[in-house]
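Since the structure comes first, as structure tokens, the remarks are kept for the end.
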Amino acid sequence: MPADADKGKQAVVLVSGGLDSATVLALAASAGARCHALTLDYGQRHRVELNAARRVAQALHVVEHRVVRLDIGWMGGSALTDSAIPVPNVPTEGIPVTYVPARNTVFLSIALAWAEVLDAVDIYIGANAVDYSGYPDCRPEFIQAFETLANLATKAGVEGRGFRVHAPLMNLSKSEIIRLGTRLGVDYSLTVSCYDPDAAGRACGGCDACRLRTRGFADAEIDDPTRYVAGTGAEIH
């Protein structure tokens, strides 16, 4: 959490149900922010992450948690929204097919609108550019550009109140994120990172998100609470 965050001020935190967003929510809460959690039901193929987001928000005692239906899955273009595109279970080159076109731009836009209504200036997202899948909307350049946009495109920005878009995990490895969250009391058993979980929420063990998560817990030397489909387990690369 940035040192300039105002204790007791309201903040909007994007909560996906995954490991990173749970850690960001815990960071904001530990610094005294009054957290309003926002989860987007964007047409993703797998619904278990929505339940995970509810569990995380409840465990971290947010002021309120909104799950907003905003279907961008109809356009396809991603293995996370289009059932015709398989989720890779081996490492791939370049930007993977699990990239959802403009997802973080859309998510931050909704968070920005809600923050303006709440009279909140701080918006938090769990973007990370160290141990991640190579998505262009998880880079610091994108976060900086969106903050500029936020202050140009809103009444609050024009009137001088201004917004701050925080991505406090941006330069941390997955193991550093896990150690940080563990110190803050995050229960990672509540979270789901897998791109292709089964109906019971068990991780596939082979997708990019599973490999990053498993390696993170191993490198942090912390027990991995992830439930895997029987006979599978993420490989550490």
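Just to be sure before I move on: is His46 more than 29 Å from Val97 (Cβ to Cβ) and either in contact (Cβ under 8 Å) with a residue 40 or more places away in the chain or of a type in the set (S, T, N, Q) (or both) in the structure I sent?
no
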Among the candidates Asp224, Asp187, Asp219, residue that is acidic (Asp, Glu), surrounded by fewer than 18 Cβ atoms within 10 Å (Cβ to Cβ) and over 20 Å from Val13 (Cβ atoms): Asp219
For residues in segment 183-237 being among the polar types (S, T, N, Q) and farther than 12 Å from Ala52 by Cβ, which is modelled with the highest pLDDT? Thr214
Being in a strand (DSSP E or B), of a type outside the set (D, E, K, R) and closer than 12 Å to Arg34 by Cα is the filter here, so list the residues in segment 55-77 that pass it. His65
Filtering segment 29-83 for residues that are hydrophobic (A, V, I, L, M, F, W, C), within 22 Å of Ala113 (Cβ to Cβ) and buried (at least 20 other Cβ atoms within 10 Å of the Cβ) leaves a count of 8
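Give the number of residues within segment 23-38 that are under 21 Å from Arg213 (Cα atoms) and either of a type outside the set (A, V, I, L, M) or out of contact with any Leu (no Cβ under 7 Å at 6 or more places or on another chain) (or both).
1
The values are calculated or read from the model by the stated rules, or taken from the named source; none is laboratory data. Keep in mind the model is a prediction, meaning the values are calculated, not measured. Glycine also receives a Cβ, built like all others from the backbone with ideal geometry; neighbour counts cover every protein chain displayed.
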